[in-house]
Structures are given as structure tokens and as C-alpha cells.
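Structure record follows, encoded as C-alpha cells.
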Amino acid sequence: MPASKTISLLVVLVVALAVGTFVTQPIAVEATTGSLDKKNKSSFGESSLFGSYGTAGRANGFQSRSVGVANFDGRGGATRTVRINANDGNGGRRLIDLSSVGTYSVNSDGTGVINFLNMNPDGSTSAVTYDFVIRTTESGGGKSKLLASSLEAVQQEPGVTASLVEESLTRRNGVR
């Protein structure tokens with residue numbers, strides 16, 4: 001290959017690399033500094049959880065299932081009623097009804113924590129903590145906030161009937 005063609009090829013290669021670096025570097029810097037989040041004025045907060053949510057829980061596969069209703073006040077307060085259908089250990093099923101009061105916090109990225117104090121049927125209480133992520137949203141939830149339409153949660157402690165407790169919550173529009 002003649003020297004002039006080699007030099008021309010090298011110049012084209014250097015220019016292509018320089019343009020590629022120039023074009024991609026601002027995006028990489030922007031992503032690592034978090035400035036992309038600043039462009040998206042919507043964010044999550046306590047007002048992102050507001051209203052009535054239907055709950056469906058599962059623990060250790062089919063060992064235990066639950067259904068219920070959780071209510072969030074948009075300011076960090078929550079209540080819940082839940083019916084758990086669990087294995088009774090003798091080949092049958094048993095129903096456990098719980099009511100709970102609690103608090104929650106929501107991070108700007110849509111993750112958060114719910115702390116519930118369960119009132120058990122026998123009069124005792126138990127505290128549980130759920131880590132959650134908001135999965136889907138709709139507009140609302142206050143100024144420049146996103147309103148959670150569904151979230152997934154995992155209980156930190158072993159449950160009453162099984163060791164791993166998972167909950168799905170879906171907003172019930174029009175229900176207060």
C-alpha cells in the first residue's frame with residue numbers, strides 16, 4: 001500500500017476516534033454526575049404513595065398467600081388489613097387476619113421502606129419492615145411528583161407462616 005494511502009487511512013481513523021470520544025464523553029460524564037436526573041423534573045417522594053392499594057402476597061411458593069388493602073396518606077403514614085391463607089401443618093389451611101398501622105419513606109429513585117406494626121388475632125403485635133420499589137407510575141402525587149400505580153415489596157424478617165414474604169401492591173383508582 002502506498003504511503004499516501006496509509007497516511008490518509010490513519011488520518012481518517014484518528015478523526016473518527018476523536019469524533020467518537022467527543023460525542024460520547026459528554027453523555028458518559030452527564031450520566032455519572034447525575035445531571036440526567038436534573039433534566040427529569042419528576043421525582044418520587046412520600047406523596048408518590050397516596051390512596052388505596054390492593055395487595056397480593058406470597059410466601060415460599062404456595063405455602064402461604066395473602067390478599068388485602070393498604071392505604072397511604074401521601075405524608076408517610078399507612079394502614080393495612082390483610083388475610084393470610086396458610087398451610088396449617090396438618091394438610092389443611094388456616095386463615096390469619098391482620099390489621100396494621102405504619103410509616104413509610106420514599107427515596108427520589110422510587111425505592112423505599114414501609115414499617116408496619118401488625119395487630120395479631122391473639123392480641124399480640126409484631127413489627128415488620130418491607131423494602132419496596134415503585135414499578136409503574138401515573139401523573140399526580142403533588143407538584144412534579146410521580147404517583148405510584150404499582151410496587152413490589154419484600155419483607156425483611158421471616159413472616160408468620162414462611163421465611164420469604166413478597167407483596168405486590170396496585171393502586172385502586174377512585175377508592176379513598
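The values are calculated or read from the model by the stated rules, or taken from the named source; none is laboratory data. All values reported here derive from a predicted model rather than from experimental measurement. Cβ coordinates were reconstructed from backbone atoms using ideal geometry, including for glycine residues, and neighbour counts include every protein chain displayed.
If you go through the range 137-160 and keep only what is surrounded by 13 or more Cβ atoms within 10 Å (Cβ to Cβ) and among the polar types (S, T, N, Q), you end up with 137, 149, 150, 155.
For the residues 158, 121, the requirement of being out of contact with any Asp or Glu (no Cβ under 9 Å at 6 or more places or on another chain), without any contact (Cβ under 8 Å) to a residue 60 or more places away in the chain and part of a loop (DSSP other than H, G, I, E, B) singles out 158. Does residue 139 qualify as being over 20 Å from residue 174 (Cα atoms) and hydroxyl-bearing (Ser, Thr, Tyr)? So residue 139 fails the test.
Residue-wise test of (1) modelled with pLDDT of 95 or more; (2) touching a Pro at 6+ places or on another chain (Cβ under 9 Å); (3) farther than 18 Å from residue 68 by Cα.
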position	(1), (2), (3)
101	yes, no, no
105	yes, no, yes
113	yes, no, yes
117	yes, no, no
132	yes, no, no
145	no, no, yes
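Could we say that residue 138 is acidic (Asp, Glu) and at pLDDT 90 or above here? The answer is no for residue 138. Does residue 67 count as at pLDDT 90 or above, in contact with a Gly (Cβ under 6 Å, 6 or more places away or on another chain), under 30 Å from residue 149 (Cβ atoms) and assigned by TED's automatic domain parsing to the domain that holds residue 160? No, not satisfied. Looking at residue 175, is it farther than 22 Å from residue 59 by Cα, surrounded by fewer than 16 Cβ atoms within 10 Å (Cβ to Cβ) and not acidic (Asp, Glu)? So residue 175 fits the description; yes. When restricted to residues that are within 12 Å of the chain's Cα centre (by Cα) and either surrounded by 18 or more Cβ atoms within 10 Å (Cβ to Cβ) or not in a strand (DSSP E or B) (or both), the range 161-172 contains 2.
Checked against (1) under 19 Å from residue 58 (Cα atoms); (2) assigned to a strand (DSSP E or B); (3) small (Gly, Ala, Ser), residue 148 passes all but a single condition, namely (1). Screening the candidates 37, 73 for the property of being modelled with pLDDT of 95 or more and either touching a Pro at 6+ places or on another chain (Cβ under 7 Å) or among the acidic types (Asp, Glu) (or both) yields one hit, 73.
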